[in-house]
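The values are calculated or read from the model by the stated rules, or taken from the named source; none is laboratory data. Given the structure is predicted, the values throughout are model-derived calculations rather than measurements. Cβ sites come from the backbone with ideal geometry, for glycine too, and all protein chains shown count toward neighbours. Accessible surface is based on the protein model in full, side chains and every heavy atom, while ligands, DNA and RNA are left aside. Shrake-Rupley method; radii C 1.70, N 1.55, O 1.52, S 1.80 Å.
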Amino acid sequence: MDTAGGTVRRSRATRRWIVAAVCLAAGSLALAACGSSSSGSSGGSTSGKVGVSLILKTLSNPYFVSMEKDAKTEAAKDNVNLTVAAGKEDGDTQTQISAIDNAISRGDKGILITENGNAVNTELAKARQAGLYVIALDTVPTPPSTVDITYGTDNEAAGKLIGQYAAAKLNGGKAVIAMLDLFNNQVVSVDIQRDHGFLEGMGISPGSTSLNGKEAKTGKYTGGKGDYVIACHQPTTGAIPGGKTAMENCLSANPNINVVYTINEPAADGAHQALQAAGKNKVMIVTIDGSCNYVNGLLKDGTIAADSAQYPGKMASIGVKTLASIARGGAKPTLPAGNDFINTGTALITANPVPGIDSLTPEKAASACWGS
């Protein structure tokens, strides 16, 4: 859900993941599965392979599917035995906890994880105590010391980009804002960072460092340039149906909404569907992620006014390469001074740029988008 300035990564990988493994059996022993992305085969060193687990939030979101794809490509290059697991839905921590336990039992050398919530932290601590090197992807856990290091995008900076765009586009006009977040029943850092970043970009204080919905509900944005009203905070679970329902609820609360912030693109898609059904055709939707599906679709035609691009495949491939290197005696990465993660970049995308705000056109952004 990220999201989300920075630099654009290389064009998305198009190479197929190739696995070549030979399994030997003797006597009546059954053949063992080798090199599968989900086989659960030995995570230790098998024919020189390094065992790594990639534990994702879900595989229903193309963002995490892209992580899986590029991680597999890198694993094939680096002789890594990659095991992939994912929550059944965004917020499913129990499945992630089981996957961490399995990685420890299998003897994996490391874990790459996009956390579904702080409930996995205790299990990650067990993995580190067992000698696994743990890397978070996309979002810094709370606290950052939960993992050895994080490769991700500055989600707060991503939010600021779309907030600054929205404020500039409004140009002093009244903002009636719908905030379509991830959850309303649990605290997840990506949810807080993107929400707060958007508000900060608009020139609105979030009112809290750790919770959503604590900002003043009315006031001035961008140093007094215009009036704003926060019409609603609604959860979407980062999905199209959730975005649609959330937007319907917000319109019921205030039919005059003219700016919609969403946690990610699927939520933006759902919000757009609800707005269409309500005959609302002049509402500015801003979001975060930068997938090819939306860059070449709703963003290109202006339905989504602005998006902050992130590069999930880059995070995952760097993570696999790092764990393979460490397992073979390579140096562990270090954080840049004053940062709690290694930034893989973000960029604003819009078909309708505004003066003074750097942005990419959808056509330019398509060279580094992810997914299909």
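DSSP assigns beta bridges within the chain; of those with both partners inside it, close to 15 percent run antiparallel.
Taking a Cβ cut-off of under 13 Å around residue 306, the surrounding Lys, Arg, Asp and Glu residues balance to a net charge of -1, with basic ones at +1 and acidic ones at -1.
Once the chain from residue 187 to residue 211 is taken as fully extended at 0.36 nm per residue, the excess over their C-alpha distance is 7.9 nm. Compared with the direct C-alpha span, the chain from residue 332 to residue 358 gains 5.9 nm at full extension, assuming 0.36 nm per residue. Per residue, the convex hull spanned by the Cα atoms of the range 230-287 amounts to 63 cubic angstrom. Solvent exposure of the range 64-171, expressed per residue, is 33 Å² of accessible area, with all protein chains present and a 1.4 angstrom probe.
The orientation-averaged projected area of the convex hull spanned by the Cα atoms of the range 146-296 comes to 9.1 nm². Ranked by the mean number of other Cβ atoms within 10 Å of their residues, highest first, the peptides 123-135, 48-60 fall in the order 48-60, 123-135.
With only Lys, Arg, Asp and Glu charged, each at its Cβ (+1 for the first two, -1 for the last two), find how big the charge dipole of the chain is about the Cα centre; round to the nearest 20 debye. Don't jump to the answer; show the numbers that get you there.
Details: 32 positive and 31 negative charges, 146 e Å.
That gives a dipole near 700 debye.
Only alpha carbons enter this Debye calculation for the chain, each as an equal point scatterer, and the log10 of I(q)/I(0) it gives at q = 0.07, 0.12, 0.15 Å⁻¹ is -0.31, -0.84, -1.22.
Sum -39500 (n - 2.57) across every DSSP H segment of at least 4 residues in the chain, then divide by the residue count to get the 222 nm mean residue ellipticity, nearest 500. Walk me through the intermediate numbers first.
Values: 10 runs with 120 residues, N = 372.
That comes out to -10000 deg cm²/dmol.
Residue 369 exposes around 0 Å² of accessible area when a 1.4 Å probe is run over every protein chain in place. The Rg/Rh ratio of the range 48-198, with Rg taken over Cα atoms and Rh as the Kirkwood radius over Cα pairs, comes to 1.05. Scanning residues 5 or more positions from residue 219 or on other chains, those with amide H under 5 Å from its amide H are 228, with H placed 1.01 Å from N in the peptide plane.
The 3J(HN,Hα) values that the Karplus relation (6.51, -1.76, 1.60; θ = phi - 60°) gives for the range 150-155 are, in residue order, 10, 10, x, 9, 6, 5 Hz. Gly and Pro appear as x.
When the solvent-accessible area of the chain is split by element, carbon and sulfur atoms take up 50 percent of it, the probe being 1.4 Å.
Couplings for the range 60-67, taken from phi via the Karplus curve 6.51 cos²θ - 1.76 cosθ + 1.60 with θ = phi - 60°, read 8, 9, x, 4, 7, 4, 5, 4 Hz in order; Gly and Pro are left as x.
Compute the whole-percent fraction of alpha carbon pairs in the range 252-357 spaced more than 16 Å apart.
Details: 3701 of 5565 pairs.
More than 16 Å apart: 67 percent of the Cα pairs in the range 252-357.
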